[in-house]
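The values are calculated or read from the model by the stated rules, or taken from the named source; none is laboratory data. On a predicted model such as this, the values are computed, not experimentally measured, just so you know. No Cβ is skipped: glycine too gets one built from the backbone with ideal geometry, and neighbour counts run over all protein chains shown. All accessible areas refer to the heavy atoms of the entire protein, side chains included, with ligands and DNA or RNA removed. Shrake-Rupley method; radii C 1.70, N 1.55, O 1.52, S 1.80 Å.
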Amino acid sequence: MRNNVILTVFFSIIVLIFLYRENILAIVSTDDSMPIATIFFDNDKKITIELYPHYAPNTVNNFLELAGSGFYEYTFVSQVVPGYFVKMGDPIGNGYGFPGYNIESECKFNNFDNKLSLTRGTVAMARSEGFNTEGSQFFILTEDAKYLNGQYSAFGKVVDGIELLDEFGTLELNSNYQPKNQIFIEHISVELNNYIKAPPIIYTGD
């Protein structure tokens with residue numbers, strides 16, 4: 001009997017480790033020490049995201065730096081692909097805006113151990129074709145896209161207001177999936193919740 005219990009516990013641990021390593025089981029902390037960001041849009045609506053510095057520390061620090069400096073004020077919701085994602089944080093609005101620097105891609109395919117799975121509500125940095133080209137733009141998934149795991153710097157999760165992003169998918173869009181009636185981030189407020197942020201490590205190209 002005792003041996004059966006030991007074997008059951010042993011195999012249960014093995015299964016949990018496998019699920020975690022394969023990003024099937026997402027182990028995400030929801031304690032009060034995680035920073036919280038509330039994104040306010042110019043249509044008087046908002047969403048709240050929880051940030052995960054234990055998965056992508058420099059990405060989180062960069063996001064907090066930009067939010068705290070007011071950079072995101074009146075940046076564009078630049079792309080809405082219904083049933084896929086909403087992209088925002090573009091200061092130009094054409095998908096090419098950035099803060100004048102880039103940061104490292106904190107994802108598995110860029111040799112960084114980030115196990116946050118890209119499921120509905122996950123927040124990740126947008127980038128160009130190559131790695132280490134992230135800046136200010138980020139996207140939020142409105143459906144699971146686990147096939148993207150390891151390819152993008154995932155750094156947070158929507159904890160309130162995901163239905164607003166679903167509503168964005170019903171808007172009239174142009175051929176580039178941009179809202180015909182532009183939507184802006186009005187501002188982003190942050191609660192650090194005892195998290196001590198550091199200046200982000202950036203690349204300026206100099």
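Details
- Here region 173-199 and region 131-168 have alpha carbon centers that stand 12 Å from each other.
- Area accessible to solvent at Val190, 1.4 Å probe radius, in Å²: 60 Å²
- Interchain or long-range residues, amide H under 5 Å from Phe85's placed H: Thr142
- Dipole magnitude for region 116-199: computed about the Cα centre from +1 point charges on Lys and Arg Cβ and -1 point charges on Asp and Glu Cβ, it is near 320 debye.
- Accessible solvent surface per residue of region 76-206, calculated while the other protein chains remain in place, 1.4 angstrom probe, Å²: 50 Å²
- Protein-only accessible surface order, largest first, of His187, His54 at 1.4 Å: His54, His187
- Whichever lysines have a C-alpha closer than 21 Å to that of Lys157, once near sequence neighbours (fewer than 8 apart) are set aside: Lys45, Lys46, Lys87, Lys108, Lys115, Lys146, Lys197
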